[in-house]
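Visitor: Can you keep this structure in mind? I'll have questions shortly.
The values are calculated or read from the model by the stated rules, or taken from the named source; none is laboratory data. Here the structure is a predicted model, which means the values were calculated and not measured. Every residue, glycine as well, gets a Cβ built from its backbone with ideal geometry; the counts of neighbours run over all protein chains shown.
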Amino acid sequence: MSFAVSRRLVLADRLIGRSLLGDIGLVAGGVLFTAVLAQVSIELPIVPITGQTLAVLLVGATLGAARGALSMIVYAAAGAAGLPVFSGLSSGVHVLLGTTGGFIVSYVVSAAFVGWLSEQAWDRRRVTAMLTFLGGTVVTFAIGVPWLYASLTRLGPEVWRAEGYDSALAAAFGLGLLPFIPGGIIKAGLAAVLIPLCWRGADALEARRERRRSAAASAPVG
């Protein structure tokens with residue numbers, strides 16, 4: 001039994017293989033990796049810039065759609081339950097339901113999207129990998145920014161006016177989208193370099209193993 005139902009191998013399958021225990025370990029590793037990168041943060045008003053989105057891209061590509069999405073579900077649940085895994089070691093249901101909660105929710109969809117494309121081998125070449133990771137970044141914004149807009153609307157004009165905006169919509173774009181576009185592109189580019197490099201390393205390792213197996217099989221007996 002396994003969480004992995006991919007049509008094609010993803011990086012974790014090439015390096016580790018598929019098994020129930022392996023999948024549980026990979027999902028747990030994805031949660032821990034995301035929690036660690038979440039602490040890499042640049043504080044901005046309302047929405048900080050964090051390493052979480054880079055973690056989501058890398059976890060989705062490495063684990064595939066099912067395990068990547070499950071990692072993000074467990075990550076969100078762990079934070080909501082009180083474990084300090086969100087940015088700034090924060091936690092609690094109030095974070096998940098607050099202004100930045102939509103970005104956390106979006107990680108599930110983004111990891112699944114990136115993972116699915118990676119299962120189609122889009123993560124093995126830099127051009128298609130870049131498109132994959134940019135797409136995953138767009139998914140994050142597509143869910144996180146409307147959630148932020150709804151939260152700001154609910155909180156009232158005193159919140160967005162305090163930040164210098166004359167409407168909740170302008171504040172949502174100004175606080176939740178525009179400052180993050182350069183960083184989103186950089187993180188997508190970094191992932192698009194790292195993952196294909198890891199694939200080349202994994203392929204080289206597999207080729208070396210295959211040569212050893214062939215040499216052992218052809219060696220004279222006795």
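Visitor: Could you list, in sequence order, all residues of segment 107-130 that are of a type in the set (A, V, I, L, M, F, W, C) and under 26 Å from A76 (Cβ atoms)? Don't jump to the end; show me each part of the working.
Guide: Pass one, segment 107-130, residues of a type in the set (A, V, I, L, M, F, W, C): 108-109, 111-114, 116-117, 121-122, 127, 129-130.
Selection gives V108, V109, A111, A112, F113, V114, W116, L117, W122, A129.
Visitor: Residues to consider are R200, R208; find the one that is farther than 25 Å from V27 by Cβ, assigned to a helix (DSSP H, G or I), basic (K, R) and over 22 Å from the mean Cα position of the chain (by Cα). Working first, answer last.
Guide: Values: R200 fails: over 22 Å from the mean Cα position of the chain (by Cα).
Of R200, R208, the one residue that is farther than 25 Å from V27 by Cβ, assigned to a helix (DSSP H, G or I), basic (K, R) and over 22 Å from the mean Cα position of the chain (by Cα) is R208.
Visitor: Any residue at all in segment 60-71 that's part of a helix (DSSP H, G or I), over 23 Å from V193 (Cβ atoms), touching an Asp or Glu at 6+ places or on another chain (Cβ under 9 Å) and not small (G, A, S)?
Guide: The initial filter retains those residues of segment 60-71 that are part of a helix (DSSP H, G or I), namely 60-63, 65-71.
Next, only the ones that are over 23 Å from V193 (Cβ atoms) stay: 66, 69-70.
Narrowing the set further to residues that are touching an Asp or Glu at 6+ places or on another chain (Cβ under 9 Å) leaves 66, 70.
Cutting the leftovers down to not small (G, A, S) gives us 70.
Scanning segment 60-71, I find at least one residue that is part of a helix (DSSP H, G or I), over 23 Å from V193 (Cβ atoms), touching an Asp or Glu at 6+ places or on another chain (Cβ under 9 Å) and not small (G, A, S), so the answer is yes.
Visitor: Assess whether T34 counts as being under 15 Å from G136 (Cβ atoms), of a type in the set (S, T, Y), crowded, with 17+ Cβ neighbours inside 10 Å and touching a Cys at 6+ places or on another chain (Cβ under 9 Å). Can you show your working first?
Guide: Values: under 15 Å from G136 (Cβ atoms): yes; of a type in the set (S, T, Y): yes; crowded, with 17+ Cβ neighbours inside 10 Å: yes; touching a Cys at 6+ places or on another chain (Cβ under 9 Å): no.
Spelling it out, it is not the case that T34 is under 15 Å from G136 (Cβ atoms), of a type in the set (S, T, Y), crowded, with 17+ Cβ neighbours inside 10 Å and touching a Cys at 6+ places or on another chain (Cβ under 9 Å).
Visitor: Taking the stated definitions as given, is L32 at pLDDT 95 or above and touching a Leu at 6+ places or on another chain (Cβ under 8 Å)?
Guide: Values: at pLDDT 95 or above: yes; touching a Leu at 6+ places or on another chain (Cβ under 8 Å): no.
In short, no.
Visitor: Touching a helix residue (DSSP H, G or I) at 6+ places or on another chain (Cβ under 9 Å) and part of a loop (DSSP other than H, G, I, E, B) - does that describe any residue in segment 171-190?
Guide: Scanning segment 171-190, I find at least one residue that is touching a helix residue (DSSP H, G or I) at 6+ places or on another chain (Cβ under 9 Å) and part of a loop (DSSP other than H, G, I, E, B), so the answer is yes.
Visitor: Additional query: Go through segment 90-165 and tell me which helices (runs of 4 or more DSSP H), entirely inside it, have 2 or more residues that are under 14 Å from L54 (Cα atoms). Working first, answer last.
Guide: Numbers: elements: 93-96, 101-119, 126-155, 157-162.
Filter on segment 90-165 gives 101-119, 126-155.
Visitor: Which one is surrounded by the most Cβ atoms within 10 Å (Cβ to Cβ) among residues in segment 72-85 that are assigned to a helix (DSSP H, G or I) and more than 10 Å from the chain's Cα centre (by Cα)? Before you say what the answer is, go through the steps one by one.
Guide: Residues of segment 72-85 that are assigned to a helix (DSSP H, G or I), as a first pass: 72-80.
Retained after the next criterion (residues that are more than 10 Å from the chain's Cα centre (by Cα)): 73-80.
Working: I73: 17, V74: 17, Y75: 29, A76: 21, A77: 13, A78: 18, G79: 25, A80: 19.
Across segment 72-85, the extreme among qualifying residues is Y75.
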